[in-house]
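No lab work stands behind these numbers, since they all come straight from the coordinates. The structure displayed is predicted, hence computed values, not measured ones. All Cβ positions, glycine included, derive from the backbone under ideal geometry; neighbour counts span all protein chains shown.
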Amino acid sequence: MPDRTPRVVALEIPEAWFRDPGNGGQHQMFYASLLSALAELGVLVRPLWMPRGADRAPRSAGDSDLLISFHSYGAAEGDVLRCKESYLPPYYTMDPQGYACFSQLARDPGVHAKAVEAQDPHEARAFVQNLSEELRRTNLSKYPQSAEPVQIRPGYLFVPLQVVQDSVARGAWLGVEEALKVIVAAAADRGLRTVVKRHPRCSSARIARLLRSLPQDGTVELSQASVQALVAGAELVVGANSGVLFEALLQGKPVISYAEAEFGQITHQVRTADALAQAIRVPRVPDAGARDKFLHWYLTRYCVRADDVPAIRRRIRAALDAGLEAGAGRAAALPSWKLYAYSLFDRTKRRLF
């Protein structure tokens, strides 16, 4: 007789994220789709309540067949599928190693190279063009944007800053102070002004001091205008691994990145201050075809929409099958108190430092 024992999926429940005033509704939609997909697969679900801030805590399915984790990163263990909202609503990533600079896509982009190259160039171009037009028309970004018009003459270098305590800052090859100093000087050498936008959720005194220290000679302007409008007027966009760089790529802008990123392969990535200055002085001409193929693949094949139950079901089934093939040898699941310990330690560290 075949074994009819249903498979067991441990599912982290990120209750704190559901209450987020910005995108809590989107997270709830994604989890409703996750639960629908799991029900269609006929698996048993083991809910695990998860605190906010436990991103780096080790994960394992333990005695379950698969763990679906939210907002975490770590080694690809074969029994963990890590989910997180992507750069644009309503898209989510489902990656074995995590999100952004921690993902398998960022760490080993060659794994997906053939799939990216296989995208139809005409379909990719039409998809990117339609999406970029929609984003500009609706002023849509990951965070709410100002509707005020940009009062800055077009033809500048745009720098979208990030939250310095964000986990993805670990992917940067240059510190924000060093990078911004180099950017402003190199842009001035080209006769370009630098427009800087502070992250809407940044409250860092360190960043406030940095912005006050910038030149007051008209070569630098601070703006809180919409990123869609600021990108549209930019000649060049430079940053670490901000989602705004992804939006700039959708708008067809040349992008320089000084950090590890999922989309790094379609930017001009630099690892040193000298390389950053040179990239600004003599920017590379972007490969528009390769850029469009990657963006199309990323959003339609690598990501899933929060409301796309069939796509989410396929990703879970593939992860279950991969775990079954990997066999035994799994680590024990981390006790819930240790998740809370990681959360408390890391959140306290971010507040203090």
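Just to check I understand the Karplus step: with θ = phi - 60° and J = 6.51 cos²θ - 1.76 cosθ + 1.60, what whole-Hz values come out for the stretch 220-237, glycine and proline as x?
Karplus values, whole Hz, x for Gly and Pro: 10, 10, 9, 9, 10, 5, 4, 5, 4, 6, 5, 5, 4, x, 8, 8, 8, 10.
Taking Rh as the Kirkwood radius, which is the inverse of the mean 1/r over Cα pairs, what is the Rg/Rh value for the stretch 115-298?
Using Cα coordinates only, the ratio equals 0.95.
Quick check on the exposure proxy: order 142, 84 from fewest to most C-beta atoms within 10 angstrom.
Numbers: 142 19, 84 23.
Lowest to highest Cβ neighbour count: 142, 84.
Can you flag which of 142/181; 253/293; 142/197; 197/293 are past 21 Å Cα-Cα? If you can, show how the numbers build up before the last one.
On the way: 142/181 27 Å; 253/293 15 Å; 142/197 15 Å; 197/293 29 Å.
Correct reply: 142/181; 197/293.
Can you tally the net charge around residue 41? Count Lys and Arg as +1, Asp and Glu as -1, for every other residue whose Cβ sits under 13 Å from the Cβ of residue 41.
Details: positive: 7, 313, 314, 315, 317; negative: 40, 65, 321.
Its environment carries a net charge of +2.
State whether the stretch 104-196 is rounded, prolate or oblate according to the following rule on the C-alpha gyration tensor (a ≥ b ≥ c being the square roots of its eigenvalues): a/c under 1.5 gives rounded; otherwise a/b larger than b/c gives prolate, and the remaining case gives oblate.
Numbers: a/c = 1.77, a/b = 1.22, b/c = 1.45.
The shape class here is oblate.
If a/c stays under 1.5 just call it rounded; otherwise compare a/b with b/c (prolate if a/b is bigger, oblate if not). Do that for the stretch 14-92, with a ≥ b ≥ c from the square roots of the Cα gyration tensor eigenvalues.
Verdict is oblate for the stretch 14-92.
Let me have the 222 nm mean residue ellipticity of the chain computed from DSSP H runs of 4+ only, each contributing -39500 (n - 2.57), with the sum over all residues rounded to the nearest 500. It would help to have the intermediate numbers written out before the result.
Details: 13 runs with 139 residues, N = 353.
Here the helix-only value at 222 nm equals -12000 deg cm²/dmol.
Mind checking the stretch 264-313 for trypsin sites (Lys or Arg not before Pro) that DSSP puts in a loop (not H, G, I, E or B) and that have at most 11 other Cβ atoms within 10 Å?
Working: sites: 271, 281, 284, 291, 293, 301, 305, 313; in loops: 271, 284.
Answer in residue order: 284.
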